[in-house]
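Student: So that we are looking at the same thing, I have put the structure below in structure tokens.
Any read-out appearing in this document is the output of simple, stated calculations on the displayed coordinates, not a laboratory observation. Since this is a predicted model, take the numbers as computed values, not measurements. Using ideal geometry, Cβ is built from the backbone for each residue, glycine included, and neighbour counts are taken over all protein chains shown.
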Amino acid sequence: MKILLVGSGGREHALAWRLSRSPSCTHLYCAPGNPGIEACAELVGLAVNDIDGIVAFAKERALDLVVVGPEAPLVAGLADALREEGIPVFGPSAKAAQLEGSKGFMKDLCARNNIPTARYGRFKDFETAEHFIRETGAPIVVKADGLAAGKGVVICQRVEEALDAARDMLSGEAFGDAGLEIVVEEFLEGEEVSYFALSDGKTILPLTSAQDHKRVGDGDTGLNTGGMGAYSPAHFMTEALEQQIIDDIIRPTIDGMAAIGCPFTGVLFAGLMVKDGKATLLEHNVRFGDPECQTLMMRFEGDLAHVLMAAAQGELDSVEEHVSWHEAPALCVVMAAEGYPGTYRKNTPIRGLEAADALDGACVFHAGTARGADGGIVSVGGRVLGVTALGASIAEAQAKAYEAVDLIDWPEGFCRRDIGWRAILAQDKAA
Ligand code: AMP
Ligand code: GLY
């Protein structure tokens with residue numbers, strides 16, 4: 001199969017790395033990709049939002065499959081445009097991508113299908129939002145309905161804070177059009193986990209779990225980020241919890257989408273809160289998580305290209321023998337540019353990448369990198385590298401990942417030194 005992967009982040013480097021090792025993938029393109037992806041795919045100079053360009057390229061090269069990494073082109077209709085031309089695509093239609101593109105849409109789907117989620121209200125005007133906020137009380141969570149680059153959620157400890165957040169969003173000041181409608185919901189306590197499942201619209205193929213580290217600082221302190229590290233599988237995942245997630249959340253979501261004429265094709269990434277052994281849905285995403293995907297791809301051992309093609313073709317019930325997972329857990333440490341998630345410097349040189357990548361059991365996935373004038377690698381983004389490793393235990397995967405991190409010479413970069421700490425603490429206690 002000739003495959004085009006759309007995207008340019010660490011998630012896409014991990015997908016490209018695994019796809020290029022799939023027996024059924026004969027040629028891999030990536031648009032626009034990054035310098036790390038160059039080693040496993042032919043880069044194509046098309047932006048992720050260039051729907052016409054991507055469709056024309058797929059037709060011209062007679063591609064067998066397009067795999068879409070990020071959510072924005074899905075919400076904008078890339079998968080629909082490809083399907084109209086008869087090109088198989090791994091990723092949901094614009095309507096189905098509303099599961100991530102509109103928090104209100106997702107919450108209403110939950111309400112109709114009895115999917116456990118926080119009690120909520122949807123609002124377009126401040127007065128009714130204010131009434132709901134005062135009635136519910138703090139802590140309370142205010143969310144912009146639309147895509148806001150992961151920043152549209154405000155956890156409020158006081159009612160006044162929630163009223164300010166609601167006012168700023170509804171006026172269009174905080175997040176533009178994405179905030180003109182809001183969801184206000186009850187605050188949930190517990191431990192967060194990400195769960196991933198593939199679907200072809202009917203069949204579900206459960207993948208695995210991961211745990212992200214959203215705060216910028218050690219010990220889960222400081223500002224929220226897109227994710228500073230992850231490991232997979234989550235240390236507290238059990239067969240019973242996985243079954244509850246599938247039965248109460250994944251299955252009713254896929255069936256509920258089919259019932260309203262929006263069958264979901266692609267990967268469903270459920271962000272969950274777990275308390276007393278039961279999961280409640282915080283949010284759905286319609287793509288792989290970043291950096292969770294880096295840990296999933298290190299552990300995945302089957303023919304990924306074959307599996308994603310089966311999902312695109314509605315044949316996911318035929319691929320179970322193509323899916324297997326490495327027993328060992330994987331852990332990813334994100335290296336970010338000093339200053340992230342605030343303003344940060346760009347074009348600082350990064351050395352030592354080959355040595356880190358050559359370490360047995362480790363992989364350095366590129367995210368915000370580019371080639372400098374001398375051909376060397378420079379940083380151009382906030383989250384820049386995803387240093388990922390397998391190990392016999394989470395502690396060993398962590399040690400290996402930091403061994404690789406320490407081979408990287410990038411004075412203007414930083415990382416958390418404690419990725420996986422909750423899991424390691426829990427396993428130390430159990431031992
Ligand atoms: P979301 O984009 O909806 O996942 O929200 C981003 C982050 O906000 C989540 O990963 C949680 O840490 C937090 N969050 C969202 N909704 C809630 C909630 N109802 N209760 C507690 N924390 C929440
Ligand atoms: N790491 C969280 C996300 O990809 O949304």
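Student: Can you pull out the GluC sites (Glu not before Pro) in segment 168-253 whose DSSP state is coil and whose Cβ has at most 13 other Cβ atoms within 10 Å?
Tutor: Filter output for segment 168-253: GLU173, GLU189.
Student: A further question follows. Search the structure for amide H atoms under 5 Å from the amide H of ALA279, placed 1.01 Å from N in the peptide plane, and list their residues when 5 or more places away or on another chain.
Tutor: none
Student: Report, in whole Å, the centroid distance computed from the Cα atoms of segment 362-418 and segment 79-129.
Tutor: 34 Å
Student: Among LEU331, SER393, VAL405, pick out the residue whose Cα is farthest towards the positive end of the charge dipole of the chain, where Lys and Arg carry +1 and Asp and Glu carry -1 on C-beta, about the Cα centre.
Tutor: Going by the Cα projections, it comes out as VAL405.
Student: First select every other residue whose beta carbon is under 11 angstrom from the beta carbon of CYS363; then total the charges, Lys and Arg +1, Asp and Glu -1.
Tutor: Numbers: positive: ARG18, LYS400; negative: ASP357, ASP360.
The answer is 0.
Student: What FRET efficiency would be calculated for the residue pair LYS429, ASP218, taking the C-beta separation as r and a Förster radius of 25 Å, to the nearest 0.05? Walk me through the intermediate numbers first.
Tutor: On the way: r = 20 Å, r/R0 = 0.78.
Working from the Cβ atoms, E equals 0.80.
Student: Moving on to the next point. Please sort by residue number the trypsin sites (Lys or Arg not before Pro) in segment 31-130 whose DSSP state is loop and whose Cβ has at most 15 other Cβ atoms within 10 Å. Mind showing how you got there, number by number?
Tutor: Details: sites: LYS59, ARG61, ARG83, LYS95, LYS103, LYS107, ARG112, ARG119, ARG122, LYS124; in loops: ARG61, LYS95, ARG119, LYS124.
Within segment 31-130, the qualifying trypsin sites (Lys or Arg not before Pro) (loop, at most 15 other Cβ atoms within 10 Å) are ARG61, ARG119, LYS124.
Student: Which residue, GLY101, PRO35, LEU78, has the largest displacement toward the positive end of the dipole of segment 1-122 when charges sit on each Cβ (Lys, Arg +1; Asp, Glu -1)?
Tutor: The listed residue farthest towards the positive side: GLY101.
Student: If you don't mind, there's one more thing I want to ask. Compute the signed sum of charges (Lys and Arg +1, Asp and Glu -1) over the other residues within less than 15 Å, Cβ to Cβ, of ALA258. Before the final figure, lay out each step's value.
Tutor: Working: positive: LYS95, ARG112, LYS202, ARG251; negative: ASP200, ASP255, ASP317.
Counting the neighbours of ALA258, the net charge comes to +1.
Student: With no solvent and one equal point scatterer per Cα, compute the Debye intensity ratio I(q)/I(0) for segment 11-165 at 0.11, 0.15, 0.16, 0.19 Å⁻¹ and report its log10, rounded to two decimals.
Tutor: Scattering profile of segment 11-165, log10 relative to I(0): -0.60, -0.86, -0.91, -1.11.
Student: Could you give me the ³J(HN,Hα) list for segment 229-245, computed from phi with Karplus coefficients 6.51, -1.76, 1.60 and θ = phi - 60°, whole Hz, x at Gly and Pro?
Tutor: Result, rounded to whole Hz: x, 7, 9, 8, x, 4, 5, 9, 6, 10, 4, 5, 5, 4, 5, 5, 4.
Student: Starting from the amide H of PHE187, placed 1.01 Å from N in the peptide plane, find each other amide H under 5 Å away whose residue is 5 or more places distant or on another chain.
Tutor: Close amide H contacts, sequence-distant or interchain: VAL141.
Student: Further question: Considering the zone a paramagnetic label at LYS275 would reach in this model (a point 7 Å from Cα along the Cα-to-Cβ line), which residues of segment 137-164 have amide N under 14 Å from it?
Tutor: 138-141
Student: In addition: Can you tell me the FRET efficiency between ASP255 and ALA370 if r is taken as the Cβ-Cβ distance and R0 is 45 Å, rounded to the nearest 0.05?
Tutor: Numbers: r = 44 Å, r/R0 = 0.97.
Plugging the Cβ-Cβ distance into 1/(1 + (r/R0)^6) gives 0.55.
Student: Pick out, in residue order, every one of the trypsin sites (Lys or Arg not before Pro) in segment 349-420 that is DSSP loop and has at most 15 other C-beta atoms within 10 Å; say none if there are none.
Tutor: ARG417
Student: Shape verdict for the chain, please, from the Cα gyration tensor: rounded (a/c under 1.5), prolate (a/b greater than b/c) or oblate. Walk me through the numbers before you get to the answer.
Tutor: Working: a/c = 1.37, a/b = 1.18, b/c = 1.16.
The shape class here is rounded.
Student: Gap in Å between the Cα centre of segment 159-224 and the Cα centre of segment 1-23?
Tutor: Segment 1-23 and segment 159-224 have Cα centres separated by 26 Å.
Student: Just to confirm a number: summing +1 for Lys and Arg and -1 for Asp and Glu over residues other than PHE57 whose beta-carbon lies under 14 angstrom from that of PHE57, what do you get? Could you put the intermediate results ahead of the total?
Tutor: Values: positive: LYS2, LYS59, ARG61; negative: GLU42, ASP50, ASP52, GLU60, ASP64, GLU85.
With Lys, Arg at +1 and Asp, Glu at -1, the net is -3.
Student: Continuing with the same structure: Got a sec to turn the phi values of segment 192-203 into Karplus ³J(HN,Hα) couplings, 6.51 cos²θ - 1.76 cosθ + 1.60 with θ = phi - 60°, whole Hz, x for Gly and Pro?
Tutor: 7, 8, 9, 10, 10, 9, 8, 8, 9, x, 10, 7
Student: Enumerate the calculated ³J(HN,Hα) couplings along segment 8-15 in order (Karplus 6.51 cos²θ - 1.76 cosθ + 1.60, θ = phi - 60°), each rounded to whole Hz, writing x wherever the residue is Gly or Pro.
Tutor: 8, x, x, 4, 6, 4, 5, 5
Student: Right, next: State whether segment 81-219 is rounded, prolate or oblate according to the following rule on the C-alpha gyration tensor (a ≥ b ≥ c being the square roots of its eigenvalues): a/c under 1.5 gives rounded; otherwise a/b larger than b/c gives prolate, and the remaining case gives oblate. Don't skip to the answer; put the middle values down first.
Tutor: Working: a/c = 1.92, a/b = 1.51, b/c = 1.27.
Judged from the Cα gyration tensor, segment 81-219 comes out prolate (a/c at least 1.5, a/b above b/c).
Student: Continuing with the same structure: With +1 assigned to the C-beta of every Lys and Arg and -1 to the C-beta of every Asp and Glu, and no other charges, what is the dipole magnitude of the chain about the Cα centre in debye, to the nearest 20?
Tutor: 260 debye
Student: My understanding is that a pair violates if its Cα-Cα distance is over 23 Å; which of LYS107/LYS202; LYS151/LYS275; LYS278/LYS400; LYS151/LYS278; LYS151/LYS429 do that in this structure?
Tutor: Beyond 23 Å between Cα atoms: LYS151/LYS275; LYS278/LYS400; LYS151/LYS278; LYS151/LYS429.
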